[in-house]
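Everything below concerns the one structure shown next.
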Amino acid sequence: MPPEQFQQKILAWFDEHGRKDLPWQQDINPYRVWVSEIMLQQTQVASVIDYFNRFMARFPNVRSLADAELDEVLQHWAGLGYYARARNLHKTAQRVAANQGRFPQTVEDLSALPGIGRSTAGAILSIACGQSQSILDGNVKRVLARFHAVHGWPGDSKVTAQLWTISSQYTPGQRTGDYTQAMMDLGATLCTRSKPRCEICPVINGCQAYRLDLVNQLPEPKPRKTLPVKRLLFLVLQDKQKRILLERRPPAGIWGGLWSLPEFADRQQLQDWCLQHGYQLNEPDALPGLRHSFSHYHLDYTPLLATLQNPINCVMEADSPVWYKANDVYSLGLPAPIKRLLQQHYLEEHYDENG
DNA sequence: AAACCGGGGCA
DNA sequence: TGCCCAGGTTT
């Protein structure tokens, strides 16, 4: 989609559906836009409104903010979090006040101020100063990553650079302030991280992620440095003939379709399961915990050893569990950690029998 | 329980 | 240059 058409659709959507009655969209000036942008970096629109109004009532202009005690600024920030930003706000107000209250009018000079980066500078200059400058906040990153089907994590420097290029290509020469607000609004309300409302998006026609059915895959998440850990219990349940209970796993997911030991998130789940199946167990012995690592997570599991007290009513249903003797287990194609666990178990059993 | 957010600060 | 951080909200 050519940039002119993209801009026209975005601006038409903004005219019809965009929010235009937010407090910082009234009496627009660099000071109000700056404060609102800093607040909006960390908090949703709905909660920022009250903070912004109270902040403006107490610090109506950059001079009043510069002259205030830091403690009072922090008090008005209390509850927003990221308190370093309130300190930066105060420091920057003092620098701007020292410049006769005039904000720098270039991205370079603006972003030299504490707490103002390239994107915030672009927002201030486009919204409050009528300049044609691009932004790239989290919302716009998501919109553009999807629109151009940009793979990779947007926080990666190469991906960020790519997205800045795209952002510049689409930024209009006219009505840039409205366009900036529209893009942030679109990302916040339609092109959301989960459950995006593509069916009412003004630029669905040109959206590559939509065309390729990648909307839910893009933007890609931050690569995990440490793999997540899942914890569960495996039940080694033995009957009086020393057979072990095995279940067939569901066809999808890890070890799909393989035989395995019954697994539980916790002991309560185990109890419920026993009740459901009419199994009466002695109190299970927990063996030392073990770890099995997959490419995408670590599985920390605790084997529980228990003995069945009551005889089994053998129900021959399609997905009923089976009881297997030691030797049969090995021919069954078990997941490696389960196989190891059972081998270990039988070795110990054997050892016990022989004293 | 973990991702997210834009910029600062440090190796 | 790249990594970690803050801290409240969302998923």
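The strands (runs of 3 or more DSSP E) falling completely within the range A:188-294 that include 2 or more residues that are open to solvent by less than 40 Å² (accessible area, probe 1.4 Å) and within 16 Å of DNA strand B (Cβ to nearest atom) map to A:229-238. The listed residues are A:Thr92, A:Thr160, A:Thr106, and the only one of them that is hydroxyl-bearing (Ser, Thr, Tyr) and within 14 Å of DNA strand C (Cβ to nearest atom) turns out to be A:Thr160. Taking first residues from the range A:228-244 that are assigned by TED's automatic domain parsing to the domain that holds A:Asn310 and partners that are of a type in the set (Val, Ile, Thr) and modelled with pLDDT under 85, the Cβ contacts under 7 Å between residues at least 6 apart in sequence or on separate chains come to A:Asp239/A:Ile312; A:Ile244/A:Val329.
Listed by first and then second residue, the pairs with beta-carbon distance under 7 Å, at least 6 apart or on different chains, first residue in the range A:39-51 and under 11 Å from A:Gly79 (Cα atoms) and away from DNA strand B (no atom under 11 Å from the Cβ), second open to solvent by 40 Å² or more (accessible area, probe 1.4 Å) and not in a loop (DSSP other than H, G, I, E, B), are A:Val48/A:Leu40.
Restricting attention to the range A:28-55, the residues that are open to solvent by 20 Å² or more (accessible area, probe 1.4 Å) and touching a Lys or Arg at 6+ places or on another chain (Cβ under 9 Å) total 4. Is it the case that the range A:201-215 has a residue that's β-branched (Val, Ile, Thr) and without any contact (Cβ under 8 Å) to a residue 60 or more places away in the chain? Looking through the range A:201-215, at least one residue is β-branched (Val, Ile, Thr) and without any contact (Cβ under 8 Å) to a residue 60 or more places away in the chain. Residues of the range A:56-91 that are polar (S, T, N, Q) and over 18 Å from A:Glu37 (Cα atoms): A:Ser64, A:Gln75.
The values are calculated or read from the model by the stated rules, or taken from the named source; none is laboratory data. Remember, predicted model here, so these are calculated numbers, not experimental data. Every residue, glycine among them, receives a Cβ derived from its backbone with ideal geometry; neighbour counts consider all protein chains shown. Accessible surface is based on the protein model in full, side chains and every heavy atom, while ligands, DNA and RNA are left aside. Shrake-Rupley method; radii C 1.70, N 1.55, O 1.52, S 1.80 Å.
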